[in-house]
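Let me begin by presenting the structure, written as structure tokens, before commenting on it.
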Amino acid sequence: MAKRPDTLETVRITLELLRRIPRNGKISGPDLLKQLQDAGFNRDIRTIERHLKSLSASDLFDIERDDRNKPFGYKWKERAKGLALPVLSEQESLLLTLAEKYLQSLLPAALMKSME
């Protein structure tokens, strides 16, 4: 039996899906699967379709599902606020990694764990 992904991995995939759903035009589940695979996520199409179905059925997100044709198309609704996630540059990521390595021996373990 396949191992279920942990909660953090599920959240990461959900955020990636939300980030990749366009405001204009639509994107299909297979296209999103390809993008996620290119980004290093290894999931099957059914898993992606389940995530998309729950996102489009949720009141939390303004995701619209066009189910007139298969594969279904997904997009943000016209007046949706969308999802704005801050993205670090390579330099910022490197700086934070170096700071974490330096502070690791200086800060209490519980504090370092909470910063993960």
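The values are calculated or read from the model by the stated rules, or taken from the named source; none is laboratory data. Keep in mind that this is a model prediction, so the values were computed, not measured. Please note: Cβ atoms are built from the backbone with ideal geometry, for glycine as well, and neighbour counts cover all protein chains shown. Heavy atoms of the whole protein, side chains included, go into the accessibility calculation; ligands, DNA and RNA do not. Shrake-Rupley method; radii C 1.70, N 1.55, O 1.52, S 1.80 Å.
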Near pairs, Cβ below 8 angstrom, 6+ apart or cross-chain, from segment 9-24 (closer than 15 Å to Glu64 by Cα) to any residue that is outside any helix (DSSP H, G or I) and at pLDDT below 90: Leu18/Phe61; Leu18/Leu83; Arg19/Leu83; Arg19/Leu85; Arg23/Ala80; Arg23/Gly82
For segment 79-95, name all the residues that are part of a loop (DSSP other than H, G, I, E, B) and hydrophobic (A, V, I, L, M, F, W, C). Ala80, Leu83, Ala84, Leu85, Val87, Leu88
Tell me, please, whether a residue that is under 16 Å from Arg79 (Cα atoms), in contact with a helix residue (DSSP H, G or I) (Cβ under 9 Å, 6 or more places away or on another chain), touching a residue at least 12 places away in the same chain (Cβ under 8 Å) and surrounded by 13 or more Cβ atoms within 10 Å (Cβ to Cβ) can be found in segment 37-48. no
How many residues of segment 42-78 are over 12 Å from Leu17 (Cβ atoms), among the hydrophobic types (A, V, I, L, M, F, W, C) and part of a helix (DSSP H, G or I)? The answer is 2
Among the residues of segment 68-98, write down those that are over 19 Å from Val11 (Cα atoms) and exposed (fewer than 11 other Cβ atoms within 10 Å of the Cβ). Arg68, Asn69, Lys70, Glu78, Arg79, Lys81, Ser89, Glu90, Gln91, Thr97, Leu98
Looking at (1) open to solvent by 60 Å² or more (accessible area, probe 1.4 Å); (2) assigned to a strand (DSSP E or B), which is the only condition Asn24 fails? (2)
